[in-house]
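Data first, discussion second: the structure below is written as structure tokens.
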């Protein structure tokens, strides 16, 4: 049997559960797949996903460092960009649809915790 890697799932640090749900759920359109706490009152660890994108969000300080960048390849980036522009972002988010230096298009958003999500695809 050959070695095969089937997925890499980014883990992003969050500091406010409600804000994370609004940004990743209401703004980016991801759904909560599951949630975990070791016991009530302890930080949340959850998985959210949409159309093949899977992210883990954690309130645990030892899991990851805030300020990370996730590069997400996708299809129909123009439709995704239009969708984001119609939604209420957290703060004053108005992401552009930029030309990537290597071809294609980019949409970059920064979550309320300093993590950047860089979406890339053909327009």
Per-region count, the stretch 36-58, residues in contact with a helix residue (DSSP H, G or I) (Cβ under 7 Å, 6 or more places away or on another chain) and farther than 15 Å from residue 117 by Cα: 1
Counted residues, the stretch 111-122 - those being out of contact with any helix residue (DSSP H, G or I) (no Cβ under 8 Å at 6 or more places or on another chain) and crowded, with 17+ Cβ neighbours inside 10 Å: 2
Index of the failed condition, residue 70 passing every other in (1) surrounded by 11 or more Cβ atoms within 10 Å (Cβ to Cβ); (2) out of contact with any helix residue (DSSP H, G or I) (no Cβ under 6 Å at 6 or more places or on another chain); (3) over 17 Å from residue 120 (Cβ atoms); (4) in contact (Cβ under 8 Å) with a residue 60 or more places away in the chain: (3)
Selection within the stretch 10-31 - at negative phi, surrounded by fewer than 20 Cβ atoms within 10 Å (Cβ to Cβ) and without any contact (Cβ under 8 Å) to a residue 60 or more places away in the chain: 11, 17, 18, 21, 25, 31
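Where a number appears in this text, it was derived from the coordinates with a stated rule and is not lab data. None of the values given here were measured: they were computed from a predicted structure. For neighbour counting, all protein chains shown are included, and Cβ atoms are generated from backbone atoms with ideal geometry for every residue, glycine included.
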